[in-house]
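> Have a look at the structure that comes next, please.
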Amino acid sequence: MPIKKSDLYASIWKSCDELRGGMDASQYKDYVLTMLFLKYVSDKYADDPYGLLDIPEGSTFDDLVELKGNPEIGDKINKQIIAPIAEANELRGVIDQTDFNDDEKLGSGKEKVNRLSNLIGIFQDANLSFGQNNAGDDDLLAMPTNT
């Protein structure tokens, strides 16, 4: 089932709302776009050996979901999810700039765990599946397909 733009926009808005209070609104994009990127590349390329990006085992969005509620969620997102994707695809210094373990921006302890778990949950929505979502030769995010 194709993703509705309204569902995508609602998810982006909810994710910004989840980040409210800990950082300047101009910094929401760093976390939201990184999370959206992780969801997108996982849906599109995790099971595709010929995909445009390599998604290493243990670094899929499903692996990210498994971190919900983990006391070390921020550190694990940085090191177990984002870093391997950056390394495998020569994206160091590009997708790994956002610190998901930043206590100043995300809170500390249970507050950070809840905030990141809720953020993941927003993108976990069944209506946000990018795997088969194509519009003509481009997908919803205007990335060329590899077919």
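> In degrees between 0 and 90, to the nearest 10, how far off the longest principal axis of the chain does helix 28-45 point, with axes built from Cα atoms?
Around 40 degrees separate the two axes.
> Another question, if that's okay. On C-alpha positions alone, give me the angle between the axis of helix 5-19 and the longest principal axis of the chain, in degrees, nearest 10.
For 5-19 against the chain, the angle is about 20 degrees.
> Name the residues of the stretch 50-79 whose amide N is less than 17 Å from a point 7 angstrom out from the Cα of Met23 along the C-beta direction?
73-79
> Still on this model: Quick one: grab Rg to one decimal and Dmax as a whole number for the stretch 5-129, Cα atoms only, in Å.
According to the Cα coordinates of the stretch 5-129, Rg and Dmax are 13.7, 41 Å.
> Work out how much length Leu91 to Lys4 would gain on full extension: take 0.36 nm times their residue separation and subtract the Cα-Cα distance, in nm to one decimal.
Numbers: separation 87, 0.36 × 87 = 31.32 nm, distance 2.90 nm.
Taking 0.36 nm per residue and subtracting the Cα distance, the gain is 28.4 nm.
> In nm, to one decimal, how far is the Leu33 label point from the Trp13 one, both placed 7 Å along Cα→Cβ?
2.1
> Compute the acute angle (0 to 90°) between the alpha-carbon long axis of helix 110-123 and the principal axis of greatest extent of the alpha-carbon atoms of the chain; round to the nearest 10°.
With both axes taken from Cα atoms, the answer is about 20 degrees.
> Cα to Cα, under 21 Å, and not fewer than 8 places away if on the same chain: which lysines meet these conditions relative to Lys76?
Straight-line reach from Lys76, under 21 Å: Lys29, Lys39, Lys68, Lys105, Lys110, Lys112.
> Treat each spin label as a single point 7 Å out from the Cα along the C-beta direction, and report the Gln124 to Asn70 distance in nm.
Going from the Gln124 label point to the Asn70 one covers 1.3 nm.
> Long-range amide H contacts for Ser129: which residues qualify at under 5 Å (H placed 1.01 Å from N, peptide plane, sequence gap of 5 or more or a different chain)?
Correct list: empty.
> Anyone know which of Phe100, Phe37, Phe123 comes out most mobile in the 10 Å Cα GNM of the chain?
Most flexible of the set in this elastic network: Phe37.
> Taking neighbour counts of Cβ atoms within 10 Å as a proxy for exposure, in what order, fewest first, do Leu64, Leu116, Leu128 appear? Mind dumping the intermediate values first?
Working: Leu64 24, Leu116 27, Leu128 21.
Least crowded to most crowded, the residues run Leu128, Leu64, Leu116.
Every read-out reported here was derived from the displayed coordinates using simple, explicitly stated rules and does not represent laboratory data. Since the model is a prediction, treat every value here as computed from it, not as a measurement. Neighbour counts are summed over all protein chains in view; Cβ atoms, including those assigned to glycine, are modelled from backbone coordinates with ideal geometry.
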